[in-house]
Amino acid sequence: MNFLFIISGLVLLILGGNWLLKSSISISLGLKIPKIIIGMTVVSFATSAPELIVSIKAALNGYSDLALGNVIGSNIANLALVLGITLLISKIAVQKVFYTINWPIMMIGSLMLYFFLLNDYLISFMEGVFLFSFLLIFLIYLLKFQKQVIEDAATEDILILSKFKTVILLLLGSIGLWGGSEMLITGATDLAITLGVGERLIGVTVVSVGTSIPELAASIIAVLKKEKSISIGNLIGSNIFNILAVIGITSIITPISANDSTLYTNDIYWMLGVSLLLLVLVFLPKKMELERKSGVILLLFYALFLYQTIR
């Protein structure tokens, strides 16, 4: 029954995230927002919606480790698992904006999370406000100052939906995310109790991979449609949103505590490690290009992370 709840919840999260993604992109293209901006903001927020809903519900139900583990695990999965699989399909040319804006903001957010957990293993209300405020400042900067300097690709192959279809998909996506999160949280927590393992372990493995599926789907579709600027921007943007929006909003609603110190003493270092690894791969061996061999390296990194987590 636990696995049925988990699988059903993941299916609803995938469908809900996909519907929300389509409606969000349609709205953004209707407003003539450049694709790379869409990838860094709208797509990232839409694909991070499962993490947000799951983390809020987990924290409100008293499962803080599940909420925090979900975000940290998802950030690792996004860069190691999702990007790794995407690179096996096609290599990606990385734009200058990666190291001038995207990656630095992601690292700043990751380090902020690290230092906020340093003393008390707790993300308080004020720390949540600080994280979310930093996100708003970043978005204002991105939309106001970067809109004209980022080269926009053609958008003819992306369909702008009618207003009616957009609203329907927006509603269906929201309902799917809510129902899926309910089932996933119930199944995951019951599974942890049944197996006698901690919430953190379930959070950084089963739940984090499940909530990263929308990022995987969005990235693969983007690569197949040769919208690679959306693909890499989505993954980096999703990690930024996971920390600044998901952790920020959740801790504003209710403080998040890392009851299992492994989240801080182990998992967060893997999150920082894969971020640094990505920067190295972008410049080596071929500057500003991620090849299939980079995908293999990232997947091996994720396999090693899973091995040390569950052993």
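The values are calculated or read from the model by the stated rules, or taken from the named source; none is laboratory data. Small disclaimer: the values here were computed from a predicted structure and weren't measured. Every residue, glycine as well, gets a Cβ built from its backbone with ideal geometry; the counts of neighbours run over all protein chains shown.
Could you identify the single residue in Leu113, Leu135, Leu66 that is touching an Asp or Glu at 6+ places or on another chain (Cβ under 6 Å), in contact (Cβ under 8 Å) with a residue 40 or more places away in the chain and among the aliphatic types (A, V, I, L, M)?
Leu66
Return the pairs, sorted by first residue and then second, in which the second residue is among the polar types (S, T, N, Q) and crowded, with 19+ Cβ neighbours inside 10 Å, the first residue lies in the stretch 94-108 and is closer than 19 Å to Phe134 by Cα and in contact (Cβ under 8 Å) with a residue 24 or more places away in the chain, the beta carbons are less than 8 Å apart, and the residues are 6+ apart or on different chains.
That search, which allows pairs on different chains as well, returns Trp103/Ser275; Met106/Asn239; Met106/Ser275; Met107/Ser275.
How about the stretch 178-225: which helices (runs of 4 or more DSSP H) wholly inside it have at least 1 residues that are without any contact (Cβ under 8 Å) to a residue 60 or more places away in the chain?
213-224
Of the conditions (1) assigned to a helix (DSSP H, G or I); (2) surrounded by fewer than 19 Cβ atoms within 10 Å (Cβ to Cβ); (3) of a type outside the set (Lys, Arg); (4) at pLDDT below 95, Leu277 satisfies every one except a single condition; which number is it?
(4)
Of Ile168, Ile137, Ile123, which residue is modelled with pLDDT of 85 or more and touching a Pro at 6+ places or on another chain (Cβ under 9 Å)?
Just a single option satisfies the conditions, and that option is Ile123.
When Ser74 is evaluated against the numbered criteria (1) touching a residue at least 60 places away in the same chain (Cβ under 8 Å); (2) surrounded by fewer than 22 Cβ atoms within 10 Å (Cβ to Cβ); (3) touching a helix residue (DSSP H, G or I) at 6+ places or on another chain (Cβ under 8 Å), which criterion, by number, is the only one it fails?
For Ser74, the exception is condition (2).
Got a number for residues in the stretch 77-111 being farther than 30 Å from Glu127 by Cα and surrounded by fewer than 19 Cβ atoms within 10 Å (Cβ to Cβ)?
8
Determine which single condition Ser90 fails, assuming it passes every other condition in (1) closer than 21 Å to Asn239 by Cα; (2) at pLDDT 85 or above; (3) not aromatic (Phe, Trp, Tyr).
(1)
With the checklist (1) touching a Gly at 6+ places or on another chain (Cβ under 8 Å); (2) modelled with pLDDT of 85 or more; (3) among the aliphatic types (A, V, I, L, M) in hand, flag the one item Ala77 doesn't pass.
The one condition Ala77 does not meet is (1).
Restricting to the stretch 182-204, what's the tally of residues that are more than 14 Å from Phe3 (Cα to Cα) and not basic (Lys, Arg)?
Total meeting the criteria: 7.
Only one of these is over 30 Å from Arg292 (Cα atoms), out of contact with any helix residue (DSSP H, G or I) (no Cβ under 7 Å at 6 or more places or on another chain) and at pLDDT 85 or above: Leu31, Leu118. Name it.
Matching residue, one of Leu31, Leu118: Leu118.
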